[in-house]
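The values are calculated or read from the model by the stated rules, or taken from the named source; none is laboratory data. Quick caveat, the model's predicted, so the values are computed rather than measured. Note that each Cβ is placed from the backbone with ideal geometry, even for glycine, and that neighbours are counted across all protein chains shown. Protein only, heavy atoms only, side chains kept; ligands, DNA and RNA dropped before computing areas. Shrake-Rupley method; radii C 1.70, N 1.55, O 1.52, S 1.80 Å.
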Amino acid sequence: NAWNLKIGSMPVALSISTGANEGTFDLSGLSIKQLSISDGASKTTVTFNEPNPVEMERLEYHTGASEVNLIGLGNANVKNIEFNGGAGSYELDFSGALLNDINARIGTGMSDLSIIIPSGTHAVIVINGGLSNINATGTWTINGSTYESGSTGPTVRISIDMAVGNLNLIQK
């Protein structure tokens, strides 16, 4: 199935629930005050190429064994993110016009997880769990299990609970 939905300019709470799928959701410029996505075994890309004109209180994403790319989270204008995945490959890209602090909680099983933070953006990432490999690209200050970059402007705070896998912290 191919769906092309148009949503008006009024702020909405959007909930998307799918099973096994391959999908692309372009939410650029939509007025979303709350977003919930749930899928099974999937290959999904969600993009925010333009700023959300309203503040999104919460973005929740729950997935199973899948490949998920969340692109332009800085444009989502979101306060809180909760991402839960099983075994899979996940990318959370915080590029975009970051206006306010973002607090994110990420939990995964056996996975490859990439977190992309724009250069100069203040980010604090705390890692919990039995990770097998952490690759940090860019300029990070490391204090135990806390990785920090940048120093001014809105802050991206991320808490990661990962069973085992590869974590890539990327500045670009």
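Toward the positive end of the charge dipole of the chain, with +1 on the Cβ of Lys and Arg and -1 on the Cβ of Asp and Glu, the farthest Cα among 3, 153, 129 is that of 153.
In this label model, residue 103 and residue 7 are separated by 2.4 nm, measuring between points 7 Å along each Cα→Cβ vector.
Here the gap between residue 36 and residue 128, fully extended at 0.36 nm per residue and compared with their Cα-Cα distance, gives a gain of 30.7 nm. Cα centroid separation, segment 96-151 to segment 6-80: 20 Å. With R₀ fixed at 45 Å, the C-beta to C-beta distance from residue 17 to residue 140 puts the FRET efficiency at about 0.80. Across segment 53-172, C-alpha contacts under 8 Å between residues 6 or more apart give a mean separation that, scaled by the residue count, equals a relative contact order of 26 percent.
Modelled spin labels at residue 148 and residue 161, positioned 7 Å past Cα toward Cβ, are 2.4 nm from each other. Taking 0.36 nm per intervening residue step and subtracting the Cα-Cα distance, what contour gain separates residue 28 from residue 55 on full extension? Length gained, residue 28 through residue 55: 8.4 nm. Surface composition of the chain: carbon plus sulfur atoms hold 49% of the accessible area, using a 1.4 angstrom probe and ignoring ligands, DNA and RNA. Restricting attention to the chain, close to 10% of DSSP beta bridges with both partner residues there are antiparallel.
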